[in-house]
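Presented below is the structure to which this report refers.
The values are calculated or read from the model by the stated rules, or taken from the named source; none is laboratory data. Keep in mind the model is a prediction, meaning the values are calculated, not measured. No Cβ is skipped: glycine too gets one built from the backbone with ideal geometry, and neighbour counts run over all protein chains shown. Accessible surface is based on the protein model in full, side chains and every heavy atom, while ligands, DNA and RNA are left aside. Shrake-Rupley method; radii C 1.70, N 1.55, O 1.52, S 1.80 Å.
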Amino acid sequence: MRIPIAALIGLILTTCYFVVAIFAPLLAPYGMAEVVGGVWEPSSEQFLLGTDNIGRDLLSRMIYGGRTTIFIATAATILSFTTGAVLGFSAAVLGGWPDQLLSRFIDLLMSIPTLIFALVVLSVMPVTVPMLILVMGLLDSTRVFRLARAVAVDINVMDYVEAAKLRGEGYRWIIFREILPNALSPLVAEMGLRFIFMVLFVSTLSFLGLGVQPPQADWGGIVKENADGIVYGIGAALYPAVAIATLAISVNLVADWILNRTTSLKGGRG
Amino acid sequence: MSPIVTLLAQRISLGLLLLFLVSILIFVGTIILPGDVAQSILGQSATPEALANLRRDLGLNDPPLTRYIDWATGVLHGDLGTALTSGQDIAESLGSRFRNTLFLAFWAAIIAVPLAVFLGLLAVRYRDRWPDKLISAVTLASISLPEFLIGYLLMFFLGVKLRLFPSTAIGYRADADVFTRLEAIALPVAVLTLVVLAHMMRMTRAAILNVMQSAYIETAELKGLTTFRVIWKHAFPNSIAPIVNVVMLNLAYLVVGVVVVEVVFVYPGMGQYLVDHVSKRDVPVVQACGLIFAAVYIGLNMLADVISILANPRLRHPK
């Protein structure tokens, strides 16, 4: 199998990000919350990216921040996919009123902008990492549900599914052994896009002060902490932009490649 | 009754039903979830008596249905309740902020919509050549960054380094003359434009390309019309409905983008008001803002459907 150059670059960069995220404590030159220098020192040999608003090493903050952001985004994506795919497949296979009920409820959830609904929920919930993952994952599973249901409806009328139904297999067999393997590739491509959306989403929440709480580092939080420097011409708050953009573009390249190889199905953003 | 009227009536009543259900969802979301409002306001060290008093004052002891009905009738009469943290009337504080937000979103839409449609047409005209590729690349880049970072990038380079525009909208006054106001919101508008432009352009391109594959387009091409004329005279009128849909969806998206952009540029609009009160856990304000944002969002989606029903030639001339 030949991998196109763009997808290869994407794959390598994505892997790098995950490796850095996993081995953050070994790679970061200083501790996450360790104050090591003055406020907003420029980059030097000692501090490659300079220091942040209270004198912590920015490179270390970025590495630990990436770990938090990528971890939350990954966990939320997995939650969103498990919930969305299982419900979507079930709706397609069961049909009838369970399908109607689920689909209309999902329509209702999707008629409120995700960010607004997340803000409403977070106004009464404790803002902790598991809660963030839960809220983000469940809200986003609506989109996965739509895609999974659409794909599964097409597969559900295939001869081999009919055959399985006629042999008397139960719903569990049909969903996991007949539909899942055949619906996997569009879902995997979509997974990349959902993952990026999660990275953007958790960064936005943290930036608004409703995501990861300090002193824990994360990319959105780093922007928030260093935003005051912008008007003095200090660009410390812009490093996460580079990190998020390269991660998002790499994942996009990989997802595009998977998608082009398989099918033309694609879900939306936002 | 003509089929258009029936369809429109159906669509509008569906929108209203949706709004009603959403109001329930927002209300339920803020009361049934395990968080305790009284505890959040008073903090962990509050005495049980203080908590009980506050719960009674807030009406938290009433059954949920009663509270929902009270709230919903209030909203229908324009009474959004009072903010827990400041004790101010919410409708009053929201009024001017809502106008500010509309002002910002309006200008972003005025700039973004024609630009996106034009660039979408351009991308179709030069399909698979450099303008198309450039547009795709910019799209990819701009959907890879969250709104607030695009905001800070513009603020840093255009506002602080080049000093072209004021870097925050903190000096925005609603009573200043239009040019001063426009100057203050130049950067926020630019960010919002960038955010929706990419998506809108891509979807416009897809919508027109879809129409371009029809048989009558081939006929037009075969009779020797120039590419631009084919697009303008034949493809464009038939892609109005999908394009309107794209535009409305993105305007709805703008409503959300506004929240973040207002926080970035310290603009006195509704989004900032909402975010402030979410961190203060001021539930009535959050409910009110959430409902208004959702209403605008649903309204725009409904409008998109209505316009595409009206623009559909097949429905306009029933056989």
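Hey, what's the per residue convex hull volume over the C-alpha atoms of the stretch A:103-158, in cubic angstrom? Let's see the in-between values first.
Numbers: hull volume 4.4 nm³, N = 56.
About 78 Å³ per residue, rounded to a whole number.
What the protein assembly as shown shows is 46 Å² of accessible area per residue, with the surface traced by a 1.4 Å probe over protein heavy atoms.
Of A:Asp256, A:Asp218, A:Asp154, the residue with the greatest mean-square motion in the GNM of chain A, using alpha carbon springs below 10 Å, is A:Asp154.
Size of the stretch A:1-72: Rg and Dmax of its alpha carbons, in Å, are 15.1, 52. Using every pair of separate Cα atoms, the Kirkwood estimate puts the hydrodynamic radius of the stretch B:261-312 at 12.6 angstrom.
Sites listed here are trypsin sites (Lys or Arg not before Pro) in the stretch A:157-249 whose DSSP assignment is loop and whose Cβ has at most 11 other Cβ atoms within 10 Å: A:Arg167.
The portion of the accessible surface of chain A made up by carbon and sulfur, rounded to a whole percent, is 67 (1.4 Å probe; DNA, RNA and ligands excluded). Given axes a ≥ b ≥ c from the Cα gyration tensor, I'd like to know whether the protein assembly as shown is rounded (a/c under 1.5), prolate (a/b larger than b/c) or oblate. Because its axes are fairly even, with a/c under 1.5, the protein assembly as shown counts as rounded.
The mean number of partner chain beta-carbon atoms within 10 angstrom of a residue's beta-carbon across peptide B:151-161 is 4. Per-residue ellipticity at 222 nm, computed for chain B from helices alone with -39500 (n - 2.57) per DSSP H run of at least four residues, works out to -23500 deg cm²/dmol.
Across A:Val20, A:Val157, A:Val251, the residue with the most accessible area heads the list, and the full order at a 1.4 Å probe is A:Val157, A:Val20, A:Val251.
For the stretch A:135-217, the alpha-carbon radius of gyration amounts to 1.53 times the rule-of-thumb value 2.2 N^0.38 Å expected for a compact globular protein. Go through the stretch A:79-128 and flag every residue whose accessible area shrinks by 40 Å² or more with all protein chains in place compared to the isolated chain (probe 1.4 Å). The answer is A:Leu108, A:Ser111, A:Ile112, A:Pro113, A:Leu115, A:Ile116, A:Leu119, A:Val120, A:Ser123, A:Val124, A:Met125 - residues whose exposure falls by at least 40 Å² when every protein chain is included.
Suppose accessible area is computed on protein heavy atoms with a 1.4 Å probe; arrange A:Phe47, B:Phe165 from highest to lowest. Can you show the working numbers first?
Details: A:Phe47 5, B:Phe165 80 Å².
Sorted descending by solvent-accessible area, the residues read B:Phe165, A:Phe47.
For the stretch A:118-270, the alpha carbon convex hull comes to 133 Å³ per residue, rounded to a whole number. Take the Cβ atoms of B:Leu158 and B:Glu92, set R0 to 45 Å, and the FRET efficiency comes out at 0.80. Kirkwood radius, the stretch B:102-269, all distinct C-alpha pairs, inverse of mean reciprocal distance: 17.2 Å.
Which residues make up the longest stretch of chain A that has no GluC sites (Glu not before Pro) in a DSSP loop with at most 16 other Cβ atoms within 10 Å?
Numbers: sites that count: A:Glu34, A:Glu45, A:Glu169.
Here the longest run is A:46-168.
Which of rounded, prolate or oblate describes the stretch A:7-249 when judged by the alpha-carbon gyration tensor and an a/c cut-off of 1.5? Since a/c reaches 1.5 and a/b is larger than b/c, the shape of the stretch A:7-249 is classed as prolate. For the chain pair A and B, the interface hides roughly 3900 square angstrom of accessible area in total, found with a 1.4 Å probe.
Taking the dipole about the Cα centre of the protein assembly as shown, with the C-beta of Lys and Arg at +1 and of Asp and Glu at -1, give me whichever of A:Val35, A:Ala21, B:Leu192 is farthest to the positive side. The residue sitting farthest along the positive end of the dipole is B:Leu192. Seen through its C-alpha gyration tensor, with square-root eigenvalues sorted a ≥ b ≥ c, chain B comes out oblate because a/c lies at 1.5 or above while a/b is not bigger than b/c. Accessible area per residue was computed with a 1.4 Å probe on protein heavy atoms; B:Lys161 scores about 120 Å².
How shielded is A:235-243 by partner chains, expressed as the average number of their Cβ atoms within 10 Å of its Cβ atoms?
Details: counts 6, 0, 6, 6, 0, 5, 9, 2, 1.
Average neighbour count from other chains, rounded to a whole number: 4.
Taken about its Cα centre, chain A carries a charge dipole of about 660 debye when Lys and Arg each add +1 at the Cβ and Asp and Glu each add -1 at the Cβ.
Run the numbers on chain A and let me know its relative contact order in percent, using alpha-carbon pairs under 8 Å that are six or more apart.
Numbers: 382 pairs, mean separation 69.5, N = 270.
26 percent.
Look at where the Cα atoms of the stretch A:33-72 and of the stretch A:162-223 average out, and the two centres are 30 Å apart.
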